[in-house]
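These notes are about the structure you will find just below.
The values are calculated or read from the model by the stated rules, or taken from the named source; none is laboratory data. Treat the numbers as computed from the prediction; the structure is a model and nothing was measured. So basically every Cβ, Gly included, is an ideal-geometry build from the backbone, and we count neighbours across all protein chains shown.
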Amino acid sequence: MLVIDNWTDHTLTTNSSAPILPQAGKLYDIRMEYCDNVKTATAQLMWTSTSQTGRTSMVIPATNLFARARIS
């Protein structure tokens, strides 16, 4: 499912998406791609939860992400 599709040149921006309902303890496949035309790009994978105080977006820690093995 494509969530965000913004392949335009732009200044720093936040791309929001539609809500999803993940289940605790379940692993999900996520692919994040971005393009840098001027070598100053910034990309952050963030999340917001209704259980968070103030509902501010937080960066997903790298320790919560897992590489998927590629089988050829």
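Things to note:
- Residue check, A24 surrounded by fewer than 10 Cβ atoms within 10 Å (Cβ to Cβ) and either aromatic (F, W, Y) or part of a loop (DSSP other than H, G, I, E, B) (or both): yes
- Of T13, T63, all but one fail to be in a loop (DSSP other than H, G, I, E, B), of a type in the set (S, T, Y) and modelled with pLDDT of 80 or more; the exception is T13.
- Among the residues of the range 39-56, the one identified as in contact (Cβ under 8 Å) with a residue 12 or more places away in the chain and either farther than 20 Å from M1 by Cα or loosely packed, with under 10 Cβ neighbours inside 10 Å (or both) is T42.
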